[in-house]
Protein chains: 2
Amino acid sequence: MALRVQKFGGTSVADIERISKVADRVQKAHENGDRMVVVLSAMAGVTNNLISLAGQASDTPDKRELDVLLATGEQTTAALMAMMLKSRGLKAKSFLGFQAGIHTDHMSGKARIREIDSHNLREALDEGHIVVVAGFQGADDHGDITTLGRGGSDTSAVAIAASLKADVCEIFTDVDGVYTTDPRICPKARKISRISYDEMLEMAILGAKVLQIRSVEFAKKYNVPVHVRSSFNEEEGTMVVNESKNMESPVVSGVTCDMNEARITFKRVPDQPGISAKVFGALAEAGISVDMIIQNSRTGGETDLTFTVTMDDFERAMEISKKVADQIHAGEIRTATEIAKISVIGLGMKSHSGVAAVMFKALAEENINIRMISTSEIRISCVILAKYAELAVRTLHAAFGLDKE
Amino acid sequence: MALRVQKFGGTSVADIERISKVADRVQKAHENGDRMVVVLSAMAGVTNNLISLAGQASDTPDKRELDVLLATGEQTTAALMAMMLKSRGLKAKSFLGFQAGIHTDHMSGKARIREIDSHNLREALDEGHIVVVAGFQGADDHGDITTLGRGGSDTSAVAIAASLKADVCEIFTDVDGVYTTDPRICPKARKISRISYDEMLEMAILGAKVLQIRSVEFAKKYNVPVHVRSSFNEEEGTMVVNESKNMESPVVSGVTCDMNEARITFKRVPDQPGISAKVFGALAEAGISVDMIIQNSRTGGETDLTFTVTMDDFERAMEISKKVADQIHAGEIRTATEIAKISVIGLGMKSHSGVAAVMFKALAEENINIRMISTSEIRISCVILAKYAELAVRTLHAAFGLDKE
């Protein structure tokens, strides 16, 4: 008798018919004797509709109130699912974020889970209920409703699985699993059957939309086996698990492409201590995450400072950058939004040298100019012009042998 | 500096434009120096849409889960209103039922408020916030979300006003106030400027939709002055207040017509003690309210037992009635659904005799047959065939001098 947490995304619960199909699946597992926790997103499109409604109410919707508004989406699906299961004669009970004991910090719109008091959920499971939880939401210590950001239901599910020490957290989505790269860009992309938390984390950070980044962090931290699979068939998907000794570690497991960044360059910044701290301190204060940072030496006691932020933060980052540029007497600010970050990820990099060389050579052969480079232990990323993105992905997918079965 | 609770119904917040008009009104009062609590219904149509969605999920939607679903409607308007007020530079904060401290019993779908812990609301008011409360909802002592039944936002507003000792509870609606009768039936209906709690209570019970019954009970119990007025203009509406010595008490203040009842008759019931207790005990156990009851003596130790229930409860009442009829060896059960209950209400009845005689005579002159009669200290009701309802209303409105200015 396994304890399974199953999370279904927006397309899996897009209408009553699909919710009914999800209920079929949950019922089947329940009747097999498994103890079931079902975590649901809002119906596809609902969150966007609510955001648009908020946009009509206010040009800059208050974040606390936006969370109250957005939370209705998951509340709706959780209630519908519970009533559907009950009407089949099953014991079921819905829980909103605060009822499920999901305590978060105060960061409206992108709150982080601090802890889960799973007492209520355990009690309901012990009573034989199928537990249905509204994903994406929690409550802070004032009792204010918070939401966990885009894809937050993944994090709800994994955190609940960790808290309940579930045997598996199944993430049902509209794709079959995690792919070596985006199949829409590269037809030769293949499903990965097993991937480590670290690789998955890099891929999620780099724009693979299949799992929210924080859900993978949670899974890694609490060692929750995550199974990413399709809600539209019974196929096995991708197991995201701890890196193990006998795990085959290809040099490169996947290639990602992130079009959602913008580049900001401060030209002719005085080359003095404390300048970077001023720039990035101001951005951090505004809650803006900076991704890549490069500083080029110039002659004459000046330097160029380049960094990337997500498109969402770009406008605000520019406002702040302009103010800081005045303060530090920097020259002009240049920006680029038509850029793409192409990355290759693989645990095998740890023990293989020359991966970067292969990557740069493959791109050079296609005349793709590299604008920025950053690396981690298991990743190499290059920023290139957006128009070369697809070509670069296909080139690297082939260069690292991912085209082969 | 008055403390005002303002409640706006579904048509007053039907879309962003109307919500904006409500925000104008609230802002104006706030800038006049009044401390404001705004209680909101769901946007017009939303609750019905949610009920229909639940109907697609289940033929008999579970009541606990239905409440979770329905509560999203008011959550949406409260969040939108708060963000709109904030975007105008005002301090505002939304509260859901449980955040507003509205504790109810467990009766999903028609929960009753047990008490209000207005600590959070007071604190927000003291901080200078416009307090925006999602009407219609509360939480029971398990933390489960409950709803207060149709029109429950009125009750939320009056109960909050009572708890905060507000100077007035203004109920903004799509009509100008309380009328002597339904203007759609009787063009000579006039707006009543002052009415007592007791009269208002009778009118609400009898189908005047302008205020939820329990809101009037609350207002009476805690002596909350209630002002029923239009959200579309600045006109004074109807003040619902305590009966006062110098209050002019017309013999009849209003005429109501309730088409929402059905009649059930047990024919040839054994005329023994305990029979009524069995019938009405079984109905009460199922939470079905019985309105009028009449027992006619017959010959031969048998009697006919007739009562009315609301149309909502009719089907369930019939199921129960059939079972009980078997147990008590009653004869057949007869039903009538095409009926109307016409009532005249007036504090003045307490000191005037002959009101019933005037009523019966007026109906008889129009050849309208009376099927059932019931009375209270300030009300006389007659059940007639539905097809005569409009005629009866106009006839009585004239007979009791309400046509005159």
Check: Given (1) surrounded by fewer than 20 Cβ atoms within 10 Å (Cβ to Cβ); (2) closer than 30 Å to residue B:21 by Cα, where does residue B:211 come up short, assuming only one miss?
Finding: (1)
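Conditions tested, residue by residue: (1) more than 27 Å from residue B:105 (Cβ to Cβ); (2) touching an Asp or Glu at 6+ places or on another chain (Cβ under 8 Å).
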site: B:150; (1), (2): no, no
site: B:153; (1), (2): no, yes
site: B:164; (1), (2): no, no
site: B:174; (1), (2): yes, no
site: B:195; (1), (2): yes, no
Checklist line | Residue list for the stretch B:172-186, filter: at negative phi and out of contact with any His (no Cβ under 7 Å at 6 or more places or on another chain) | finding: B:172, B:173, B:174, B:175, B:176, B:178, B:179, B:182, B:183, B:184, B:185
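Residue-by-condition table, conditions (1) under 18 Å from residue A:195 (Cβ atoms); (2) within 24 Å of the chain's Cα centre (by Cα):
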{"position": "A:327", "(1), (2)": "no, no"}
{"position": "A:345", "(1), (2)": "yes, yes"}
{"position": "A:349", "(1), (2)": "yes, yes"}
{"position": "A:353", "(1), (2)": "no, no"}
{"position": "A:358", "(1), (2)": "no, no"}
{"position": "A:377", "(1), (2)": "yes, yes"}
{"position": "A:390", "(1), (2)": "no, yes"}
Note to self: Can you go through A:22, A:5 and tell me which one is within 14 Å of another protein chain (Cβ to nearest Cβ), under 20 Å from residue A:158 (Cα atoms) and outside any loop (DSSP other than H, G, I, E, B)?
What the structure shows: A:22
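Okay, residues lined up against (1) touching a helix residue (DSSP H, G or I) at 6+ places or on another chain (Cβ under 9 Å); (2) crowded, with 21+ Cβ neighbours inside 10 Å; (3) of a type in the set (Gly, Ala, Ser):
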position: A:34; (1), (2), (3): no, no, no
position: A:66; (1), (2), (3): yes, yes, no
position: A:70; (1), (2), (3): yes, yes, no
position: A:74; (1), (2), (3): yes, yes, no
position: A:77; (1), (2), (3): yes, yes, no
position: A:82; (1), (2), (3): yes, yes, yes
Notebook entry, point to check: If we keep just the residues of the stretch A:293-315 that are in a loop (DSSP other than H, G, I, E, B) and not small (Gly, Ala, Ser), which is nearest to residue A:206 (Cα to Cα)?
Noted result: A:298
Next item on the list: State all residues of the stretch A:196-212 that are free of Cβ contacts under 8 Å to residues at least 60 places away in the same chain and not basic (Lys, Arg); if no residue qualifies, say none.
Entry: A:197, A:200, A:201, A:204, A:205, A:208, A:210
Checklist line | Test: residue in the stretch A:169-187 that is in contact with a Ser or Thr (Cβ under 9 Å, 6 or more places away or on another chain), farther than 17 Å from residue A:346 by Cα, crowded, with 22+ Cβ neighbours inside 10 Å and of a type in the set (Val, Ile, Thr) | finding: yes
Notebook entry, point to check: Only one of (1) more than 21 Å from residue A:264 (Cα to Cα); (2) not in a strand (DSSP E or B) is not met by residue A:321, so which one is it?
Noted result: (1)
Check: If we scan the stretch B:353-375, do we find a residue that is in contact with a Ser or Thr (Cβ under 9 Å, 6 or more places away or on another chain), part of a loop (DSSP other than H, G, I, E, B) and either under 15 Å from residue B:253 (Cβ atoms) or among the polar types (S, T, N, Q) (or both)?
Finding: no
Check: Restricted to the stretch B:98-116, and to residues that are part of a loop (DSSP other than H, G, I, E, B) and within 21 Å of residue A:97 (Cβ to Cβ), which residue is farthest from the chain's Cα centre (by Cα)?
Finding: B:99
Item checked: Those residues of the stretch B:82-120 which are facing chain A (nearest Cβ under 8 Å) and either within 19 Å of residue B:9 (Cβ to Cβ) or in contact (Cβ under 8 Å) with a residue 60 or more places away in the chain (or both), in sequence order -> B:82, B:84, B:94, B:96
Notebook entry, point to check: Taking only pairs six or more apart or across chains, which ones have beta-carbon atoms under 9 Å, a first residue in the stretch B:251-266 that is over 14 Å from residue B:383 (Cα atoms) and touching a residue at least 40 places away in the same chain (Cβ under 8 Å), and a second residue that is in a strand (DSSP E or B) and of a type in the set (S, T, N, Q)?
Noted result: B:253/B:196; B:254/B:343; B:266/B:303; B:266/B:306
Notebook entry, point to check: Does the stretch A:136-147 include one or more residues that are away from chain B (no Cβ under 14 Å), in contact (Cβ under 8 Å) with a residue 12 or more places away in the chain and charged (D, E, K, R)?
Noted result: no
Note to self: Just to be sure before I move on: is residue A:280 in contact with a strand residue (DSSP E or B) (Cβ under 7 Å, 6 or more places away or on another chain), assigned to a helix (DSSP H, G or I) and surrounded by 12 or more Cβ atoms within 10 Å (Cβ to Cβ) in the structure I sent?
What the structure shows: yes
Margin query: I'm checking my understanding of the structure. Among residues of the stretch B:25-72 that are touching a Gly at 6+ places or on another chain (Cβ under 9 Å), in a helix (DSSP H, G or I) and of a type in the set (Val, Ile, Thr), which one is farthest from the other protein chains (Cβ to nearest Cβ)?
Written below: B:47
Item checked: Those residues of the stretch B:8-19 which are closer than 16 Å to residue B:134 by Cβ and assigned to a loop (DSSP other than H, G, I, E, B), in sequence order -> B:9
Notebook entry, point to check: Would you pick out the residues in the stretch B:5-17 that are more than 17 Å from the chain's Cα centre (by Cα) and either β-branched (Val, Ile, Thr) or farther than 19 Å from residue B:210 by Cβ (or both)?
Noted result: B:5, B:13, B:15, B:16, B:17
Item checked: helices (runs of 4 or more DSSP H) wholly inside the stretch A:117-236 containing at least 3 residues that are under 16 Å from the mean Cα position of the chain (by Cα) -> A:152-164, A:197-205, A:213-222
Next item on the list: Might you check whether a residue that is part of a strand (DSSP E or B), among the hydroxyl-bearing types (Ser, Thr, Tyr) and under 18 Å from residue B:332 (Cβ atoms) occurs anywhere in the stretch B:260-275?
Entry: yes
Notebook entry, point to check: Only one of (1) at pLDDT 90 or above; (2) within 20 Å of residue A:269 (Cα to Cα); (3) more than 28 Å from the chain's Cα centre (by Cα) is not met by residue A:300, so which one is it?
Noted result: (1)
Check: Among (1) within 12 Å of chain B (Cβ to nearest Cβ); (2) touching a residue at least 24 places away in the same chain (Cβ under 8 Å), where does residue A:123 come up short?
Finding: (2)
Checklist line | Residue pairs meeting the criteria (Cβ under 6 Å; at least 6 apart or on separate chains; first aromatic (Phe, Trp, Tyr), in the stretch B:154-179; second in a loop (DSSP other than H, G, I, E, B)) | finding: B:172/B:231; B:179/B:189
Note to self: Go through the stretch A:328-354 and report how many residues are modelled with pLDDT of 90 or more and not charged (D, E, K, R).
What the structure shows: 11
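The values are calculated or read from the model by the stated rules, or taken from the named source; none is laboratory data. Just so we're clear, the structure is a prediction, and the values are computed from it rather than from any experiment. Glycine also receives a Cβ, built like all others from the backbone with ideal geometry; neighbour counts cover every protein chain displayed.
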